[in-house]
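S.K.: Right, I'll just put the structure down here and ask away after.
What follows is calculated from the coordinates using simple rules that are stated; it is not laboratory data. Note that the coordinates shown come from a computational prediction; the quantities given were computed from them, not determined experimentally. Cβ: placed from backbone, ideal geometry, glycine included. Neighbour counts: every protein chain shown.
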Amino acid sequence: MTAVIASLLPIALYLFALKIFDSFGLIRWNRLGISFAYGAAVCLASFLFVRYSGFSCEISGFSFMPVVEELLKFGLMAYFVASRKIRFLSETLIYGAAVGGGFSFLENIAYLSFNAEYMSLGSALFRGFGCAILHIGCTALAASLMLMISQRQKLWLSMLLSPIPSMI
């Protein structure tokens, strides 16, 4: 039980803190929940794809699954920016973090479910603080880059370029 709390609580606290620090009141709870649920759905879809498709995501030892995951996580942010539901950098950071947090939340649950015998408190803390912040940061970075590029260039160019740093 301690491992579950240690791996999931940091994600929830981080996202809650982002919402609390939104001094302009731009972030809506329902859109934040949709973003979190979308991230979790992407994690589930990625897991099911790898587990049951029989398709190998590796070529010459290089795994393409992180690329697929990042592009899928990026999808909702691309919709938000393209439809002008997000207009400010702080919004992209928070909604992007929610998508990454939802992905990481479900990933940590899956990791705990399938590897419970190997999960020590240290591993759980690493998953909660390390891996979770990685997913949160990468998705927020890609969303922010897309918004900044789309304000100066064409939208299609921003959608093409902005996910690249999170995949490297």
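S.K.: Can you pull the one-decimal nm distance between simple spin-label points at Ser113 and Lys19, each 7 Å off the Cα toward Cβ?
M.R.: 2.4 nm
S.K.: Distance from a point 7 Å along Cα→Cβ of Met1 to each backbone N in the stretch 112-143: keep the residues under 11 Å and list them by number.
M.R.: It comes to no residues whatsoever.
S.K.: Continuing with this model, one more query. Let me know the longest stretch in the chain that avoids all chymotrypsin sites (Phe, Trp or Tyr not before Pro) found in a DSSP loop with at most 10 other C-beta atoms within 10 Å. It would help to have the intermediate numbers written out before the result.
M.R.: Numbers: sites that count: Phe21, Phe24, Phe55.
Here the longest segment lacking exposed loop sites spans 56-168.
S.K.: Next question, about the same structure. Hey, what do the phi angles of the stretch 42-48 turn into as Karplus ³J(HN,Hα) couplings, whole Hz, using 6.51/-1.76/1.60 and θ = phi - 60°, x for Gly and Pro?
M.R.: 5, 4, 4, 4, 5, 4, 5
S.K.: When volume of the Cα convex hull per residue in Å³ is calculated directly from the model, which label among [x] 187; [y] 104; [z] 121 fits?
M.R.: Here the calculated entry is [z].
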